[in-house]
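This report refers to the structure that appears directly beneath it.
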Amino acid sequence: MKRSLPTRGVETLLGWGGSLTGVLLFVALWEWGSLVYGSFLLPGPRDALAALGRLWQEDAAAAVWATTWRAMLGFALAALVGTALGILAGLSRTVGRALEPVSTVLLGIPPIAWIVLAILWFGSGSLATVYTVMATSLPISFAGAQMGALTRDRRLQEMADVFSVPPLMRLFDFHLPHIVSYVFPALITALGVAWKVAVMAELFATEDGIGAGLAMARVNLDTAAAMAWVVLVVALLLVAEHGLLRPLQRRMEPWRQTGRGGS
Amino acid sequence: MLRLESIGHDFGRQRTLENIELTVSPGESVCLVGPSGCGKTTLLRIAAGLVTSTEGRVSDGFRRSTVVFQEPRLLPWRRLLDNIGLGLKAMGVPRRERLARARLLADELGLAGHHGHYPHELSGGMQQRVALARALAVDADLLLLDEPFSALDVGLRSEAQTLLIGLLARRGIASLLVTHDLTEALRLGHRVVVLSPSPGRIVYEQRIELPFAERDTAFLYEAAGALLRQSAVAESFLFRQDEVSP
């Protein structure tokens, strides 16, 4: 449905206003908590911001970069392998039966156990972190792709039979566009997991990165710095989701956009 | 010519079709009519080669046959022209040529101005016309139609029927159309074949000589009334309430 430009502008503003209200409410609660419990246990938003500024001068950018490339590399590998295997598992019942228990087992292993194993196998360092990120986010992208491949529309398959659509065209024109709509939400979830796990793995396995910064804050009993790192991680995750994955989804699924107008 | 010889079919333990003999000659329009659940859709799918019948033989002498389903079954992620050109793409026709042919067909079916639209942006009637154009695009000489207009309201349905008659006649395409609506069958067919339910059997057959253009509403109701006075037709339509749904 088409609406006039001013109407849409007002709606957008109201939408932003709504989100802003949520954020401000959260910050207010944070400030209140800090007043009640004191700035040692819970430093207020202003303390966290000040700590962030301090960290930035002490070269937090390098830490952010280290965490980013570890998280993104692990995520990219998991997305590629998981999606490919998931599609195979959804298209072929045999492959599905073989891989599903593996995925369930992987999903059941807690990230902390992966970190211990990874450190034992690869030693401390980036490799252990990247491996842990991959191992924990792979089952998520696998499940998304498999679900997409399993829910293909049988009536469209029959239509493809009528027009004797060749296998490759069937994959690209019938299967993949449907699967993509399941893969993207799974990837967004996997990205969140990748980021959190990367920070956690760094806490144990590396000497740089945001996780290592958090470890340092713990040693120094510097709660404000820990808060500052948390703010940084959340900001990075939002940038990755809204700056990378969502625009990519909009580009790959133009046929959905017009239907979304009102929401 | 399409020839169905002594077709019998079981669905699980249920007998759905019994000893069906049916032919469709080039350029001829045959309408298969029966109450829901009488196995007429199954028969169409057997004719299309989508289902293999338990008994009997299907021989299809037509160059190319396609199916128009009850629902449009368009690809939601493809624009109108690409949906029309789908069969051509499957045949390996280059993109430029298939878009040109799709454009011509779209305009002929009154879809001009919607070339770049996705299916969800089109009305139900337009979607079904896209499905019809997709079937015509591959230059078929036999069209198998499975209640193609049943989802449309009365006005749109009548419009679509007129369109179909014109398209088939201009191209000399043969058709086998399945419907539960007697008047629709009487309007679109050179020949009307009545199927009885459980198991589906051909109980009555009638040739209609009147040209399509002269079949007005009065004729349709009169002919439908006359058909229903035939005891075999009346029985399959009116007195079998115990039929199973498809």
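Please treat every number below as a calculation from the coordinates, not as lab data. All of these numbers come straight from a predicted model, not from anything done at the bench. Note: ideal-geometry Cβ built from the backbone for every residue, glycine included; neighbour counts use all protein chains shown.
Remarks
- Filter result for the condition that a residue is of a type outside the set (A, V, I, L, M), more than 19 Å from A:Leu214 (Cα to Cα) and either surrounded by 13 or more Cβ atoms within 10 Å (Cβ to Cβ) or touching a Ser or Thr at 6+ places or on another chain (Cβ under 7 Å) (or both), over A:Pro139, A:Pro110, A:Pro101: A:Pro139
- Matching residues, segment B:64-84, being in a loop (DSSP other than H, G, I, E, B) and within 18 Å of the chain's Cα centre (by Cα): B:Arg64, B:Phe69, B:Gln70, B:Glu71, B:Pro72, B:Arg73, B:Leu74
- Residue check, B:Gly124 surrounded by fewer than 20 Cβ atoms within 10 Å (Cβ to Cβ) and in contact (Cβ under 8 Å) with a residue 12 or more places away in the chain: yes
- Among (1) exposed (fewer than 12 other Cβ atoms within 10 Å of the Cβ); (2) closer than 17 Å to A:Ala235 by Cα; (3) over 24 Å from the mean Cα position of the chain (by Cα) - the single one A:Ser19 does not satisfy: (3)
- If the condition is being facing another protein chain (nearest Cβ under 9 Å) and farther than 22 Å from B:Arg95 by Cα, then segment A:151-207 contributes A:Asp153, A:Arg155, A:Glu158, A:His178, A:Val180, A:Ser181.
- Sole residue being of a type in the set (A, V, I, L, M), in a loop (DSSP other than H, G, I, E, B) and more than 12 Å from chain A (Cβ to nearest Cβ), chosen from B:Ala106, B:Ala112: B:Ala112
- Reported count of residues in segment B:89-107, each being surrounded by 13 or more Cβ atoms within 10 Å (Cβ to Cβ) and in contact with a helix residue (DSSP H, G or I) (Cβ under 8 Å, 6 or more places away or on another chain), is 10.
- In segment B:139-164, of all residues being outside any strand (DSSP E or B) and touching a Ser or Thr at 6+ places or on another chain (Cβ under 6 Å), the one that is farthest from B:Leu186 (Cα to Cα) corresponds to B:Ala140.
- Counted residues, segment B:173-191 - those being in contact with a helix residue (DSSP H, G or I) (Cβ under 8 Å, 6 or more places away or on another chain) and closer than 14 Å to B:Arg215 by Cα: 6
Rundown of residues vs (1) in contact with a Cys (Cβ under 8 Å, 6 or more places away or on another chain); (2) surrounded by fewer than 18 Cβ atoms within 10 Å (Cβ to Cβ); (3) hydrophobic (A, V, I, L, M, F, W, C), yes/no style:
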site	(1), (2), (3)
B:His115	no, yes, no
B:Tyr118	no, no, no
B:Ala131	no, no, yes
B:Leu136	no, no, yes
B:Asp141	no, yes, no
B:Leu144	no, no, yes
B:Ser150	no, yes, no
B:Asp153	no, yes, no
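- Scanning segment B:127-178 for residues that are among the acidic types (Asp, Glu) and farther than 21 Å from B:Ala102 by Cβ returns B:Asp146, B:Glu147, B:Asp153, B:Glu159.
- In segment B:25-58, residue farthest from the chain's Cα centre (by Cα) [restricted to those that are within 14 Å of chain A (Cβ to nearest Cβ) and among the hydroxyl-bearing types (Ser, Thr, Tyr)]: B:Thr52
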